[in-house]
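Asks: Got a structure here, written out as structure tokens. Questions coming.
Each value in this text was obtained by applying a stated rule to the coordinates, not by laboratory testing. All of these numbers come straight from a predicted model, not from anything done at the bench. As a convention, Cβ positions derive from the backbone with ideal geometry for all residues, glycine included, and neighbour counts pool all protein chains shown.
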Amino acid sequence: MTEPPPSEGKLAAAASVVKGLSLTNVLVIALLAMIAIPTYLAYKMLNDPAVMDRLLSSYKELPNGSGCVLREVKERGGPDLWAISTGFAFHGSDRWYVAVGLTHPPDANDLTSHCETLKRIADTLTQPPP
């Protein structure tokens, strides 16, 4: 019976694998690393909410029953802003609005109050002068 060869250490096994690599194998491994590392970093960056907040703006029209439009906007890296607006004139594809801008989300009372005030202003703007 033959005895199994003495087991090599992990370092010696790794060294023998590296010795067995050809130049083509080394170049392919280097190319894969050059592609994989930036791809992984981009993936991590695009899944980070803080980074995406710095890169993207957002705009939403929120439904409500007041007769005015409630909009929530956020510029790149800036704070959330809200606007309550109502239209008062149009010509072709042009639209004119009056709005109030807020730095805090409006509650139902704010929405109703601001909407009524905006409607009064819009009515005043559309009336002919006396």
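Asks: Which residue, Val17, Val26, Val51, tops the fluctuation ranking in a GNM of the chain built on C-alpha contacts under 10 Å?
Replies: In this elastic network of the chain, the residue with the biggest mean-square fluctuation among Val17, Val26, Val51 is Val17.
Asks: Now a separate question. Mind checking which of Leu55, Leu41, Leu21 has the largest fluctuation in a GNM of the chain, springs on alpha carbons under 10 Å?
Replies: Leu21
Asks: With the chain treated as a Gaussian network of Cα nodes joined by springs under 10 Å, which of Ser93, Ser58, Ser113 yields the largest mean-square fluctuation?
Replies: Judging by the Gaussian network model, the answer is Ser93.
Asks: Once phi is turned into θ = phi - 60°, what whole-Hz ³J(HN,Hα) does the Karplus curve with 6.51, -1.76 and 1.60 give for every residue of the range 40-57, x standing for Gly and Pro?
Replies: Karplus-based 3J(HN,Hα) across the range 40-57 equals 5, 5, 5, 4, 5, 5, 6, 9, 9, x, 5, 5, 5, 4, 6, 9, 10, 9 Hz.
Asks: Can you list the lysines whose alpha carbon is less than 24 Å from that of Lys44, not counting same-chain residues fewer than 8 positions off?
Replies: Cross-link targets: Lys74.
Asks: For the chain, take N as its residue count and report Rg(C-alpha) divided by 2.2 N^0.38 Å. If you can, show how the numbers build up before the last one.
Replies: Working: Rg = 32.3 Å, N = 130, 2.2 N^0.38 = 14.0 Å.
In units of the globular-protein estimate, the chain measures up at 2.31.
Asks: Using +1 at the Cβ of each Lys and Arg and -1 at the Cβ of each Asp and Glu in the chain, identify which of Ile37, Pro106, Asn25 lies farthest towards the dipole's positive end.
Replies: Most positive-ward Cα: Asn25.
Asks: When the helix-only estimate is applied to the chain (DSSP H runs of n ≥ 4, each -39,500 (n - 2.57), divided by the residue count), what is the mean residue ellipticity at 222 nm, nearest 500 deg cm²/dmol? Intermediate values should be presented prior to the final figure.
Replies: Numbers: 4 runs with 60 residues, N = 130.
One gets -15000 deg cm²/dmol as the mean residue ellipticity at 222 nm.
Asks: Lysines near Lys10 by alpha-carbon distance under 16 Å, same-chain residues fewer than 8 away left out - which ones?
Replies: Straight-distance partners of Lys10: Lys19.
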